[in-house]
Structures are given as structure tokens and as C-alpha cells.
Amino acid sequence: MNRRLVFVFLLFLCNFNAFSQVNARFFINTGRVDLSEDRNTEAIRNFNTAIAARPDHFEAWFFRGIAKFNLNDYAGSLADFTETIRLHPLYARAYHYRGIVNDRLTNYYDAKADFRKALEIDPYNADLFVAAGATDMHLNDFEAAVKSYDMALIIFPHYADAYLNRGVAKHILGKSEEALLDIGKAISSDPYSVEAWLKRSMLRAELKQYDAALDDLTQAIKLDGQNPLIYFQRAQLMLQKADTLAALKDFEQVNILDPRNALTYYNRALLHSLRNELPEAKAFYRQVILINPSNIYSHFNLGIVNYKMELYNEADDNFTAALQLFPGFVGAMVNRSLVRKAMNKNAAAEADYSQAMALIQKMNQNEDNPANLFGKYADSTYFNKIIALEADFINGNSLLQRPQFRKVDIQPFGNITIAFARQNTQQKANSTRNFFDLQLSQLNAELPEGLRLAYQFKLPADETFDLQQQEKLIEATTLTYSQKQLILGVLNQERNNLSRAIEYYANIPLADSLAAFALLNQAVAHFNKEENRLMETEYVEAVTIQKGAAMNKPKAPEKDRTLNIGEAFKLLEKSDKRSPKNAFVAFNKGNLLLQTGAFHPAIDAFSDAIAFEPNFGEAYYNRALTLLYLNENELACTDLSKAGENGIEASYAVIRKYCSAK
């Protein structure tokens, strides 16, 4: 099944009496054009508009679900397909696509229920039987999968995917000859299916039909010469034919096409090691570790290579790294003992030997001679066989460990201030869209056009004007005293003259209607001053979630290295009292709390911001990152979906990284 949902593109031409209905249809049709041209975020914006105009219009929800699915937002698409079904309980395609999403989310029994309901409504849909068969396969019910594919082929006798999947199911059931016939029919129905040629080559290789398997791979390369999987498979075939040099050549091609394919670097390292080409093996094991530092067997095998090259200090480090990842790794302990003995570190070698023997005896109680087992574990070829076709190597204990926090190297949106309104521009890390409310609109009505304000995220300073000259121009206007102080504060804050900005804001009486704005900006200015102080001393771990990576700065005395948000928080509280239920004040509170590691209070503050402003995408985004930091992936992914729905395109990159289906 392709990663993107396929839908039939039909434009409905209808006459509507009400403008809102015409408006909704226009945005649905525009969104569908976007969807057909793979502009998924633009499609979501159009469907959002249609839903706002006509929340009971099932098509807008349905097609938005497809757009979210295409962006890997499975939680969001599941919610939209569910709403489609609520609005139109007999819409078979909504059950069909929700079933696919549930399958992706490993909710297999929910997926089966969706496909069953869809088939009740549309019993002659071959696509539904193929989708149901895939879920049966995921549940290891291969007999049921074969029956589903049988039904698909009764309805559509030339359905290549049905033949291909039925062939895979029959292969797993041990019916290899029938599987070959089915995959052959898949190729006859669709000779351009690279997957079918690949699958048949793998099956033929299993049956030791090497030349035929090689012919299939040659055809696959003709169809898609840029597919690294084909070269990987051909390299494995060359190994089965004992042609090591040809295998190495194909593995090299895999890494040319996919430079971060760690498994292929591992295979290359192992083959060079077996050929006693140790410097080459060493370079490739190091490449694996660079990509995946937790690959314990690369640390171990690199230790073996360094030991053979008599680089004992490096070998000691390699075995130690393997033991740090997996403390019960007897092979690493045994070989580190030998390395340390070679380095004349006899006491350390004896300690490793004793610990290794204790573990060996515990694991092999029926063995008569533990010394023979020690020799087995010390054999440098003992772990070479682990390569096979495994896609990854993990520490056996790692799945049992759940760290309290995760390092999240993605930058959230920073604080919001009252700033000069600007044209919206696309920036990679920061939102630049303007937010307005009634009070700010009333103020802007009294301000000259060039001095109008908006709630905005921090933008680069405008260096095009002379600060002193601008201040003189503002003083010469007919604005009220408080208005002038606010504008002058904004002017200086945008130029990063924080102390002077604070002075201007402090001049505004607390009873003035503009005090809430001034207090909001003053709080951010205080926080930025404190942040600047830390940047000049040492970067604290609490700020890592915002900045992504610690900066190398000179160390300061211990007492100076705490991020102090007290004054900024007091000012936000005062602003909150003068402008209750202000989403932007709550958002900034969340950011301040986040910086000090108060994660749960930060989540509460972002939640308040969302309650006050339900379409506040940046608040959903920041709450999501905080939840990710706490390993609350399911909640975080729901928030990321809402952030994307509300215009935060960066959400989809985070979804791909942290919310992929199991």
C-alpha cells in the first residue's frame, strides 16, 4: 500500500442559495486541487476554512483527514475520519481510510471492524479486501489474508497488489511454489512493480534459484536504478554465491544512494574484517557508531579490529563502550580482559576474567568446562554471524528502561510581545503572523499607520532607522503620554535596548488601560536580560529544550548560573490581572516555566492559552514539545496534529520524527 491515500478526484458542481454554502464548496474544491497536487498543508488550510463555514460538511473533514495522513499525522487523520463517520455514517470510504489509519497505528482489531463495516456498505470493493488482507497479515492470520486476497481477485482478476500480497502470505504459510506463481501473476499484471520483482528475487534466492533471482534484480534495477534496497538485496545474493567483491561493490552503491544506511556500513565493515582488511573495517564500524552510537555490536567488533591491529587502548575503550550499553555482555568482558592482559594491566584483566567466568557459569550451568566457554566468547569471529539481514541491533535491556526525560532538539516558539505590525514572512524557526484582539484594535485606531502594533513573536531588529531620530518623531506626535511611553518602549525593545525599554514601560501608570501591554512586554524584556546574562556566563540545561544544544561558554560562579524568572513572572501576573484570560500572557508564562524545568506547570499554562484562544497553533506546538520531553508521545502527537491544523507547518517534521507508527 502506498504511503499516500488514493482518492478519486471528482468536482461536484452544485447550486447553493446561501453565500456560506457556496463559500464552503469553493474551499473544499480548492483544497482537493491542492491535495491532488500534493500541497497538503495548503489543502488543510482550505479545508479548515470550509469546516469553519460549514462544520457539518462531511467532505471537508474527510479530505482534511487524507491531507493529514499524507503528512504522517495519523492521530489527526483518525480524528477527522471519525468525525466524517459521525456526520455520514454510511460513507464507506471514511471507514475504509480510517481502517488504513488504524492499521498504521497498530490498532488492528479496530481496523478490522472498520473494513468489515465498509464492506457491509460496499461489498464489491476490491481495494477494501486488499486493505483487510494487510491487517490480517499484521495479525499473523495468513489464512484469513489469503481469503481476503481471493475475494479481491474475484472482483478484479488483474489486481497486481492482491497477487503480490497473496504470494507473500502463501510464502509465509510454506507454500513456496504457489507463492512464486502468485508473484509471477503480479508481475504479469504490473510489469513495472519494482516491489514484485524484488519479492520474487528474494523468494528465488531462498529456493537457491540464484541465477533467476539475479535476473529479477537486474530487471528491478532497470526500473529503478536509484533504489538502494535493490542493491542491498543483490549484495546479499552475491554473498550467497560467495562473491564477496561483488557484494562489497553493491553495498558501496547502497551507501552512495543512502549515506546514512548504518546496516550497510556494518555489513561492509564485517566483510572487510573477514577479509582481514582491518583499516577499512575500522573506518566502517566507526561510521556505524557515528550514525547509531547505541549499536553495541559495532563497538564490540571495532574492539576486535583494534585488538588485531594491536591498538590496545582503543580496543579497551570499544569494549568498555559496549559494556556501558549492555553491562551483561560477556563477550565484551572476556575480550576486554584479554586486551588488558596484553597491556600488562593484570589486576583489571583478572577482575574482568572473574566477572566473565561468574556470568558464564550462571548462564551455562550444565557445561562441564567453563574455560572452554571462555575461549568461545574470546573468539573474535563469534559475533560475526550476527549480521545476517537484521535491520537493527539494540541493547536487550534498553526496551525495559524508560528515562524520565528525553533531549528534544527542536526549537519551540519563543515569547510573544507587542511589536510593530509587519507583513507576514516565512521563517524557518519563528512564526511572524500577527495576532490582534479588541483592545489592541482600539489602540491601533488611534495610532498613525506606521506605528500600529500587533502581538508577535520575536523578530530580527529593524536596523533601517535611527533610534534617536525615531524617538524625537514619536515625542512630537499628538499621542497621549502612555501611548508615547508604550511606543518608545516597543521601539527600544525591538532594537534590544532592554533596560531603556523597561524604563519606558514602567512610566505607564498601572491604572492605565495600556498597562497590560506594557507589563507583558516588560516581563519579556526582563526575561531576555536574564537570558543574555546566562549566555555570557554558562548555558544552563533547563534552556536546552528551547535552544536545542548547549553552547560552549565560560563558566561563571555557581550562584550566577540559575535562570531567574521571578521578576518576569510577577509582571506577567500583573498583566493577567489587568487583561484576564489573555492567551498571550498565558503562553509566555508557559515559556518561562519551561525554561526553568517546571514542565507540568508549563503544560498547564499552555493549556490556559489554548482555552483562551482555541486556534493558538504555537501553544499546541510548545505544549507538544514539552510533552515529548516527558515521553508523553501520544498526547504530544495529538497536540502536534492540532498545531499543524492551525498553520504550524513545522509540526509535520516533528510528527515524522516522534509520531511514526510502530
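Taking the beta-carbon count within 10 Å as an exposure proxy, list S441, S273 from fewest neighbours to most.
Going from least to most buried by this count: S441, S273.
Could you list T638, T244, T84, T49 so that the one with the fewest beta carbons within 10 Å of its beta carbon is first and the one with the most is last?
Working: T638 21, T244 15, T84 25, T49 18.
By the 10 Å Cβ count, ascending, the order reads T244, T49, T638, T84.
Filter K68/K117; K577/K642; K112/K147 down to the pairs with a C-alpha to C-alpha distance above 20 Å, please.
Where the Cα-Cα span goes over 20 Å, the pairs concerned are K68/K117; K577/K642.
Could you derive backbone 3J(HN,Hα) for the range 353-359 from the dihedral phi with the Karplus parameters 6.51, -1.76 and 1.60 (θ = phi - 60°), listing whole Hz in sequence and x where the residue is Gly or Pro?
After applying 6.51 cos²θ - 1.76 cosθ + 1.60, I find 4, 5, 5, 5, 4, 5, 5 Hz.
Collect residues whose amide H, placed 1.01 Å from N in the peptide plane, falls under 5 Å from the amide H of D141; neighbours closer than 5 in sequence don't count.
Answer set, sorted by chain and number: none.
Exposure proxy check: K308, K574 ranked by fewest other beta carbons within 10 Å?
Ascending number of Cβ neighbours within 10 Å: K308, K574.
Once every Cα of the range 122-197 carries one equal point scatterer and solvent is ignored, give the base-10 log of I(q)/I(0) from the Debye formula at q = 0.22, 0.24 Å⁻¹, two decimals.
So the normalised log intensities work out to -0.91, -1.06.
Once phi is turned into ³J(HN,Hα) by the Karplus curve 6.51 cos²θ - 1.76 cosθ + 1.60 with θ = phi - 60°, what whole-Hz value does each residue of the range 330-346 show in order, with x for glycine and proline?
Per residue, the Karplus-derived 3J(HN,Hα) values read 4, x, 5, 5, 4, 6, 5, 4, 5, 5, 5, 5, 5, 8, 6, 9, 5 Hz.
Which value in nm describes the separation of the simple spin-label points at S36 and K529, placed 7 Å from the Cα toward the beta carbon?
About 5.9 nm, to one decimal.
Once phi is turned into ³J(HN,Hα) by the Karplus curve 6.51 cos²θ - 1.76 cosθ + 1.60 with θ = phi - 60°, what whole-Hz value does each residue of the range 134-149 show in order, with x for glycine and proline?
4, 5, 4, 4, 5, 8, 6, 9, 6, 5, 5, 4, 4, 5, 5, 5
Starting from the amide H of F435, placed 1.01 Å from N in the peptide plane, find each other amide H under 5 Å away whose residue is 5 or more places distant or on another chain.
For F435, the qualifying residues are Y455.
Between their Cα atoms, which of K529/K570; K241/K308; K175/K199; K170/K199; K175/K208; K282/K308 are more than 19 Å away from each other?
K241/K308
Given a Förster radius of 51 Å and the C-beta distance between L245 and Q324 as r, what FRET efficiency does 1/(1 + (r/R0)^6) yield to the nearest 0.05?
It comes out at approximately 0.90.
Here, each number is a calculation from the coordinates, and none is a lab measurement. In this text, all values refer to a predicted model and were calculated from it rather than measured experimentally. Note that each Cβ is placed from the backbone with ideal geometry, even for glycine, and that neighbours are counted across all protein chains shown.
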